[in-house]
Amino acid sequence: MNAWWEEVLETLQAEFADIGDASQLTRITVRLLVAAILGGILGFEREQKGKAAGVRTHMLVALGAAMFVLVPQTSGAESDAMSRVLQGVIAGIGFLCAGTILKNQEGDEGHVKGLTTAAGLWMTAAIGVAAGLGKEATALFSTLLTLGIFSLMPRIVRIFDKDDQPFDKDEQKDDRL
């Protein structure tokens, strides 16, 4: 019976030995934390504006995308395998984003809502992929650009719209951006 327990313990140790050394543990931790934090920053901005996809959603999307590329990369996947992983992540996030887009029938015209949320989630996944691949500076820069688009573009559009026509309060302007 003692040999049986030793075998169980050795098997458990082997199962949890996918992180070989302190350097690899640090690399994995940094990449996953960067992905989660950057996703959280974007999600916080969206949540503050009352959008459906907030902090948790954006953090999970970024973290999940980072995991999908980090695991095969640290396992020694070749570039063709990583290409297929990236294609899967992009297609998968597309399905999630499609679920955020709604079309309401208002009179004769249909009104599409949620496009900015979908695009933001798509971008959050891309940022997670960058972080997971060890491109943290690129992920950070992309996050800053995305925040700029979320924050500045509605203001810029409102400036130009004021010149053209009065603002209709019933209209969802954010989704046209």
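The values are calculated or read from the model by the stated rules, or taken from the named source; none is laboratory data. It should be emphasised that the depicted structure is a prediction, and the values quoted were computed from it without experimental measurement. Cβ coordinates were reconstructed from backbone atoms using ideal geometry, including for glycine residues, and neighbour counts include every protein chain displayed. Please note that ligands, DNA and RNA were not included when accessible areas were found on the heavy atoms of the full protein model with its side chains. Shrake-Rupley method; radii C 1.70, N 1.55, O 1.52, S 1.80 Å.
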How many residues, within segment 42-82, are open to solvent by less than 40 Å² (accessible area, probe 1.4 Å) and over 18 Å from LEU133 (Cβ atoms)? 8
Going through segment 117-141 one residue at a time, which ones are free of Cβ contacts under 8 Å to residues at least 40 places away in the same chain and assigned to a helix (DSSP H, G or I)? ALA118, ALA119, TRP122, ALA130, ALA137, THR138, PHE141
For segment 29-36, state whether one or more residues are over 14 Å from the mean Cα position of the chain (by Cα), modelled with pLDDT of 90 or more, crowded, with 16+ Cβ neighbours inside 10 Å and more than 16 Å from THR143 (Cβ to Cβ). no
Of the numbered conditions (1) at pLDDT below 95; (2) under 18 Å from the mean Cα position of the chain (by Cα); (3) open to solvent by less than 60 Å² (accessible area, probe 1.4 Å), ILE101 satisfies every one except a single condition; which is it? (3)
If you take the residues of segment 16-28 that are part of a loop (DSSP other than H, G, I, E, B) and among the hydrophobic types (A, V, I, L, M, F, W, C), which of them is most open to solvent (accessible area, probe 1.4 Å)? PHE16
